[in-house]
1. Sort 39-46, 93-100 for me by packing, meaning the mean count of neighbouring Cβ atoms within 10 Å per residue, highest on top.
2. Return a whole-number percent for the relative contact order of region 31-127, with Cα pairs under 8 Å and 6 or more residues apart as the contact set.
3. Tell me the per residue accessible area of region 40-127 using a 1.4 Å probe; a whole number in Å² is fine.
4. Projected area of region 48-127, taken from the Cα convex hull and averaged over every viewing direction, in nm²?
Amino acid sequence: MRVRPLFVGLLLAAVAVGAQAKKPRTDYAAYAGEPIPEFKFSQLYNWQRTGDRQMIVWTKPSTAYLLTLRHDCDALAGRVTVEIGGVDGIQGRLQAGSGDVIVGTLRCRVDTIQPLDLARMKQDRAS
């Protein structure tokens, strides 16, 4: 009988979606500092899309930035890899106003960069 495994699979998927929906979303903007002109990095550790025009990039597990993009960057939805870089070709530096988030062949211009206070965020989550 194939109906039973299919039903069980659908039930497990529904439970997983429900559990994920109850997980509170982090308001990263609440932990963002004043805008900075640029930051330097050796690698892109991780990233997360937080909206059509915002994303978080981690350059280290303990260092993250909120990037606000000049325009909607729908290409971020569903993508697993992105690059960040500057127009001037200097690797390891992202500048507000002239740097890009690169998704495939699409470039999304970075408008503002704000460092995140990850220590305060971690403290708030623990309490």
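1. Put in order of decreasing packing, that is 93-100, 39-46.
2. The value is 33 percent.
3. Values: 5110 Å² over 88 residues.
For region 40-127, the solvent-accessible area averages 58 Å² per residue.
4. 5.6
The values are calculated or read from the model by the stated rules, or taken from the named source; none is laboratory data. These numbers were taken from a predicted model, which means no experiment stands behind them. Quick reminder, even Gly has a Cβ in these numbers, built from the backbone with ideal geometry, and neighbours come from all protein chains shown. Ligands, DNA and RNA are stripped out before the accessible areas are found, and what is left, the full protein with its side chains, is counted by its heavy atoms. Shrake-Rupley method; radii C 1.70, N 1.55, O 1.52, S 1.80 Å.
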